[in-house]
Structures are given as structure tokens and as C-alpha cells.
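Peer 1: The structure follows.
The values are calculated or read from the model by the stated rules, or taken from the named source; none is laboratory data. Note that the structure is predicted; figures quoted are calculated from it, not measured. Glycine also receives a Cβ, built like all others from the backbone with ideal geometry; neighbour counts cover every protein chain displayed.
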Amino acid sequence: MSDGVFVIGAFADEEECIEAIHGLARIGYRRPRVFSPIPCEKILAAQQYTKSPVRACVLGGGIFGALSGFALTIGTSLYWPHYVGGKPIVSITPFVIIAFELMILCGALSGLVSFLLFARFPRLESEEGFLPSFAGDRFGIMVECTPADRSRIETLMRESGAEEIVRETV
């Protein structure tokens, strides 16, 4: 038998949802699962989320692409030298084009892959605690708690303005 309970609250207003998140943080529940019909920066700030690491992955992919572009062109020119009119074999200026193109390609691909990994795509099943009204016009908060804390969390959600509270056992 499991010893956990999911308490799910549905809110009509974004501010009420944020107030409930702050209330939950005060009693020790730092990052409850939040369902939102729209992207909301205030909810992310209330949950104290930091910026996405996808930006760093794109930067790393771009740097890797530029370095590999220079390595490819310089290595190829040194392995198969082609002397033309006394020009140097390794001339950085024409190699910048290839390095730039590989920087864009590797940066874009690493951004796509890191986005999919950090967003945990594809999700083949809906999340636990998801109510159909969350896809329409309601905000939702799901908290996993012990049966002893259930009533305190339900009271906090009702005081914050929850229209509906649903309980599910884990």
C-alpha cells in the first residue's frame, strides 16, 4: 500500500495560482507540479526556476562546429596541398566561411537535441494529475504529500482560491 497522496487544485486566475505556490513554498513544498494553459513567467519565477541550460548547449555546439570547420579545412589543405600563384596553403580568410556554416549547423542541431532532452520529449502519456480543464482555461497545481499533510494543503489551496480540489492516491 502506498503512503502518498496527490492533491490537485484547479484555479481560474493566474494570481491565485501564484499565491498558492508561494503558500506551498512557505510550508516546505518548493516546486509543486504546475499546469498552465499559457506560458507564464510569473509562475516560473514563483517556483524559482532558473534559465534553461539549452542556451549553453547551443553555445557549445557552435564552438564545436567552428573549431571542427577550421580543423577540417586546415587539415585538408595540409594533407593535400594545392599551390596556386604563391598563395599560402593555410589562409584563414577562405576557411572562415566553412567554419561559420558548421558553427550554425552544429549550434542548431545541438539546440534541437538539448531542447528535446531537457523538455523530456516525446511524452507518450499525459502527466499524472492532469485534468482536462488545464488545457482550456484553468491553472493547476499538483502536490505529492503524506496523508497527514493532505488537509493542510487542501485548506491552503481553498484559501488561495482553488475552484476544485481532487485527491488521488499514489
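Peer 1: Of the numbered conditions (1) more than 27 Å from Arg55 (Cα to Cα); (2) of a type outside the set (Val, Ile, Thr); (3) surrounded by fewer than 14 Cβ atoms within 10 Å (Cβ to Cβ); (4) in contact with a helix residue (DSSP H, G or I) (Cβ under 7 Å, 6 or more places away or on another chain), Phe118 fails exactly one; give the number of that condition.
Peer 2: Of the numbered conditions (1) more than 27 Å from Arg55 (Cα to Cα); (2) of a type outside the set (Val, Ile, Thr); (3) surrounded by fewer than 14 Cβ atoms within 10 Å (Cβ to Cβ); (4) in contact with a helix residue (DSSP H, G or I) (Cβ under 7 Å, 6 or more places away or on another chain), the odd one out for Phe118 is (1).
Peer 1: Modelled with pLDDT under 90 and within 30 Å of Arg152 (Cα to Cα): does that describe Leu44?
Peer 2: In short, yes.
Peer 1: Between Phe70, Phe130, Phe139, Phe134, which is surrounded by 14 or more Cβ atoms within 10 Å (Cβ to Cβ), farther than 30 Å from Gly28 by Cα and among the aromatic types (Phe, Trp, Tyr)?
Peer 2: Phe70
Peer 1: Moving on. Could you check Glu101 against (1) more than 30 Å from Asp149 (Cβ to Cβ); (2) in contact (Cβ under 8 Å) with a residue 40 or more places away in the chain; (3) acidic (Asp, Glu) and say which number it fails?
Peer 2: With (1) more than 30 Å from Asp149 (Cβ to Cβ); (2) in contact (Cβ under 8 Å) with a residue 40 or more places away in the chain; (3) acidic (Asp, Glu) applied to Glu101, the lone miss is (2).
Peer 1: Hey, another quick one. Can you work out which of the residues in segment 15-47 that are among the small types (Gly, Ala, Ser) and part of a helix (DSSP H, G or I) is surrounded by the most Cβ atoms within 10 Å (Cβ to Cβ)?
Peer 2: Applying the filter and picking the extreme gives Ala20.
Peer 1: Pick from Thr50, Thr76: which is free of Cβ contacts under 8 Å to residues at least 60 places away in the same chain, part of a helix (DSSP H, G or I) and hydroxyl-bearing (Ser, Thr, Tyr)?
Peer 2: Every option except Thr76 fails the conditions.
Peer 1: Please specify each residue of segment 1-38 satisfying the condition of being touching an Asp or Glu at 6+ places or on another chain (Cβ under 7 Å) and of a type in the set (Phe, Trp, Tyr).
Peer 2: Matches in segment 1-38: Phe6, Phe11.
Peer 1: Can you tell me which residue within segment 75-99, out of those that are in contact with a helix residue (DSSP H, G or I) (Cβ under 7 Å, 6 or more places away or on another chain) and within 30 Å of Ala56 (Cβ to Cβ), is surrounded by the most Cβ atoms within 10 Å (Cβ to Cβ)?
Peer 2: Residue satisfying both the conditions and the ranking: Ala99.
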